[in-house]
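J.: Here you go, one structure.
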Amino acid sequence: MLALNKETLKELLLGGRFGLEKEMLRVTEDGHMAHTPDPFLGHPNITKDFCENQTEINTPVGDSPEEAYGMLRDLYVEIQKTLAASSLREYLWPSSNPPYIANEEDIPIAQFPGESYHKTAYREYLSGRYGRYIMTYSGIHFNYSFSEELLKADYEAHQRAYEVGTFRDYKDGFYLDLAKKAAAYGWLMTAVTAASPVRDRSFLEPGTSGGSTFTGKASQRCAETGYWNAFTPVFNYKSLDGYIEGIEYLVSRGLIAAPSELYFPVRLKPKGANTLENLRKYGASHIELRMFDLNPLDPLGVDLRDIRFGELFLGFLAGTQDFYFPEQDQVQAVQNFKRAAYYNLENTKIIILGGRSSTVAEAGRIMLHQMKEFYHGFPDEVQEILAFEEAKFLDPANRYATKVRALAGDHFADWALQLAKEQQALALAK
C-alpha cells in the first residue's frame, strides 16, 4: 500500500502513463466477415489479432487519458479512411460480439509471412483447441504505469519505515501487489464496461442468420462463454520470480502452449516485448486490464470517462491495505469476474473477500462509495467520473449493455452494420 501522505498523493497519484489496444473486425458492405488480406501489414501501430480481418490498434504511450484517447482516434480515423478508399469497401464492426458467421471457415486465421509464420501456426493451434468462433470476440485492453516520481517518493517513504531492498525490488513488489488487488476487485471494471448483451443467431445456431440472441449476459466475452482457459490459474504474488515460474509451470505441463494463451483479465508486463524473459530481466513496468468491452455507443469503442476511471481504480487499489489471497479466494475471484459480466446485476451474487455474499450491484455501490472517500479533496472532475460510474449501479438504465440491448432490439446485425456505416461516415468527415 502507498505510504505517502494525502497531499503528496494528490500531487503525484494521477500522473501515470497510458496505452490502449483495440481489436475490431473488418466486415463487408452487407455485414459479413471480410476475407481480404490485412491492409495494414508493416504498420507500427496497426496489426491483427487472431483473424486476418481482426484489425488491432496499439497506441503509443500517452501521458494522460486524453492523449491516449487522441492517439486512438487518429489511428482509428486512418483505418477508416483506408477501408473507405479500398476497391471493396469495408467497415469496422462496432461490437465485441461478431457479425453473421456462416461456419468456422468463414473466420480467416491471420496470416504472417516468412519468419513470422510461427504466429500463424500458433493461431492454427488455438483454432484447434478452442474453435474459431470464440476468437472473434473483440475488446479494449487498458495499459497503465504509475509515474516514476510517485514510485520513487513512495519507495523513499517505505525505506524510512521498512527494509525494502532496491528500487527494482520495491517496484516489482508494488506491481505484484497491484496485480493481486486487481485480480480480487477487477470484476468492478467488467461490470462498468460490459456492452455486448446480444449476438447474431448464427453464433449459437450455425446456418441461421438474423435476429438477436440474448443469454442473460451483459458481456459475452467476459462471462463463462468467453475468453477463459479450461482451468483456473492460481498465481504466486509473493515474488516476481515466483509469479513467472508459476506461468512457466503451466507451459511445462502443457496446460497452455505459451504465456499469451493464459486468458486472465489482469497481466503484468515489462518494458519492450511482452515476454517472460523480459519480465524477469527488466521487472514489471506496467499493468494491463483486459476486460473492457467495445462500447458501440462511442465511435472509438471506449468512453474517455472509462479510461479515466481505469486510472482512478488502480490508484485506489494502490492505496488500499494488503491482504492474504489464498488459492480458494483466487478461484472465487475468477468466478466474480464471470458473474460481473451478467446482465442483471441486482440479482447476480458474488463472494467478496472475507466470504460475504453480495449482489454485484450492491458490491459496486460499496466500492464506488469507498473510492469517493479515498479521493475526497481531489479535483471535482474526479468525483464527477466516480458519480458517472456509480450511476451504473444505481439504475440499470445507465449501463451500456441496457442501452445496447434496447437499440439493437431483435435485429442486432442490422443495427450494428448501420452503426458501422454511420461511424465510418463520421470518421471521414474529420
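A short reminder: the numbers here are calculations on the coordinates, not readings from a lab. In this text, all values refer to a predicted model and were calculated from it rather than measured experimentally. Every residue, glycine as well, gets a Cβ built from its backbone with ideal geometry; the counts of neighbours run over all protein chains shown.
J.: Which of the aspartates and glutamates could be linked to Lys6 by a straight reach, that is with a Cα gap under 14 Å, when you skip same-chain ones fewer than 8 residues away?
T.: Cα-Cα hits under 14 Å: Asp154, Glu373.
J.: Full extension from Leu262 to Glu11: what is 0.36 nm times the residue separation minus their Cα-Cα distance, to one decimal in nm?
T.: Details: separation 251, 0.36 × 251 = 90.36 nm, distance 3.64 nm.
That pair, Leu262 and Glu11, stretches by 86.7 nm at full extension.
J.: Over the chain, what relative contact order in percent results from Cα pairs under 8 Å that are six or more residues apart?
T.: Reported as a whole number, the value is 21 percent.
J.: Okay, next question. With just the Cα atoms defining each centre, how far is segment 145-190 from segment 325-377? Give it in Å.
T.: 22 Å
J.: Here's something else I'd like to know. Translational D (Stokes-Einstein, µm²/s) of the chain at 25 °C and 0.890 mPa s when Rh comes from the Kirkwood sum over C-alpha pairs? Walk me through the numbers on the way to the answer.
T.: On the way: Rh = 22.3 Å.
Using the Kirkwood radius from Cα pairs, D works out to 110 µm²/s.
J.: While we're here: Pop out the ³J(HN,Hα) list for segment 271-282 in order, Karplus 6.51 cos²θ - 1.76 cosθ + 1.60 with θ = phi - 60°, rounded to Hz; leave Gly and Pro as x.
T.: 6, x, 4, 7, 10, 5, 4, 5, 5, 5, 6, 9
J.: Further question: Work out, step by step, the length gained on full extension between Leu276 and Glu124: first 0.36 nm times the residue separation, then minus their alpha carbon distance; give nm to one decimal.
T.: Working it through step by step, the gained length comes to 52.5 nm.
J.: Considering the convex hull of the alpha carbon atoms of segment 349-406, report its projected area averaged over all viewing directions, in nm², one decimal. Let's see the in-between values first.
T.: Working: hull surface 18.7 nm².
For the Cα atoms of segment 349-406, the hull's average projected area reads 4.7 nm².
J.: Further, regarding this structure: Please report the net charge: other residues with Cβ closer than 13 Å to the Cβ of Gly131, K and R +1, D and E -1. If you can, show how the numbers build up before the last one.
T.: Working: positive: Arg123, Arg129, Arg132; negative: Glu104, Glu105, Asp106, Glu124.
Neighbour charge sum, excluding Gly131 itself: -1.
J.: Helix 167-185: angle to the longest alpha-carbon principal axis of the chain, degrees 0 to 90, nearest 10?
T.: 60 degrees
J.: Using +1 at the C-beta of Lys and Arg and -1 at the C-beta of Asp and Glu, which of Ala413, Phe388, Ala401 has the Cα lying farthest in the positive direction of the dipole of segment 387-430?
T.: The residue sitting farthest along the positive end of the dipole is Ala413.
J.: Relative to 2.2 N^0.38 Å, what does the C-alpha radius of gyration of segment 40-109 come to as a ratio? Two decimals please.
T.: Details: Rg = 13.8 Å, N = 70, 2.2 N^0.38 = 11.1 Å.
Compared with the compact-globule rule of thumb, segment 40-109 sits at 1.25.
J.: As an exercise, use a Förster radius of 35 Å and the Cβ-Cβ distance of Thr208 and Val331 to find the FRET efficiency, rounded to the nearest 0.05. The partial results should precede the final answer.
T.: Working: r = 36 Å, r/R0 = 1.04.
Taking R0 as 35 Å, the efficiency between Thr208 and Val331 is 0.45.
J.: Pick out, in residue order, every one of the chymotrypsin sites (Phe, Trp or Tyr not before Pro) in segment 267-333 that is DSSP loop and has at most 11 other C-beta atoms within 10 Å; say none if there are none. Present the calculation step by step, with values, prior to reporting the outcome.
T.: Values: sites: Tyr282, Phe292, Phe309, Phe313, Phe316, Phe323, Tyr324; in loops: Phe323, Tyr324.
Passing sites in segment 267-333 are Tyr324.
J.: Could I ask something else about it? Just to confirm my numbers, what's the Cα centroid distance between segment 1-39 and segment 218-295 in Å?
T.: 17 Å
J.: As an exercise, find the ratio Rg/Rh for segment 88-131 from alpha-carbon atoms, using the Kirkwood inverse-distance average for Rh. Kindly include the intermediate steps, with their values, before the conclusion.
T.: Working: Rg = 13.0 Å, Rh = 12.5 Å.
Radius of gyration over Kirkwood radius for segment 88-131 works out to 1.04.
J.: Roughly speaking, what % of Cα-Cα pairs in segment 22-164 are separated by over 19 Å, rounded to a whole number? Let's see the in-between values first.
T.: Working: 6004 of 10153 pairs.
Within segment 22-164, distances greater than 19 Å cover 59 percent of Cα pairs.
J.: Using just the Cα positions, wrap segment 299-347 in a convex hull and report its mean projected area in square nanometres, one decimal place.
T.: Working: hull surface 21.3 nm².
Mean projected area for segment 299-347: 5.3 nm², to one decimal.
J.: Which semi-axes, in whole Å and largest first, does the equivalent ellipsoid of segment 301-430 have when worked out from the alpha carbon gyration tensor as the square roots of 5 times its eigenvalues? Don't skip to the answer; put the middle values down first.
T.: Values: eigenvalues 192, 88, 38 Å².
Semi-axis lengths for segment 301-430 are 31, 21, 14 Å.
J.: Now, a different point. Rounded to whole Å and sorted largest first, list the principal axis extents of the Cα atoms in segment 246-293.
T.: Cα spread of segment 246-293 along its principal axes, largest to smallest: 32, 28, 15 Å.
J.: With label points built 7 Å along Cα→Cβ from the Cα atoms of Lys349 and Asp380, find their separation and express it in nm.
T.: If labels sit at Lys349 and Asp380, their model points lie 4.3 nm apart.
J.: Taking the alpha carbon gyration tensor of segment 251-348, what are the square roots of 5 times its eigenvalues, largest first, to the nearest whole Å? Spell out each step's value before the answer.
T.: Values: eigenvalues 128, 80, 59 Å².
Three semi-axes, in Å: 25, 20, 17.
J.: Enumerate by residue number the chymotrypsin sites (Phe, Trp or Tyr not before Pro) in segment 149-254 meeting two conditions: DSSP loop (anything except H, G, I, E, B), and at most 14 other Cβ atoms within 10 Å of the site's Cβ.
T.: Sites meeting the loop and neighbour criteria: Tyr162, Phe231.
J.: Which of the lysines could be linked to Lys403 by a straight reach, that is with a Cα gap under 28 Å, when you skip same-chain ones fewer than 8 residues away?
T.: The reachable lysines, counting only those whose Cα sits under 28 Å from Lys403, are Lys22, Lys217, Lys338, Lys349, Lys372, Lys392, Lys421, Lys430.
J.: Then there's this: Expressed as an acute angle from 0 to 90° and rounded to the nearest 10, what is the orientation of the C-alpha long axis of helix 65-85 relative to the principal long axis of the chain?
T.: So the helix axis and the longest Cα principal axis differ by about 10 degrees.
J.: Using the crude model of +1 on Lys and Arg Cβ and -1 on Asp and Glu Cβ, and no other charge, please compute the dipole size for the chain relative to its Cα centre, in debye to 20.
T.: On the way: 45 positive and 58 negative charges, 110 e Å.
In total the dipole reaches around 520 debye.
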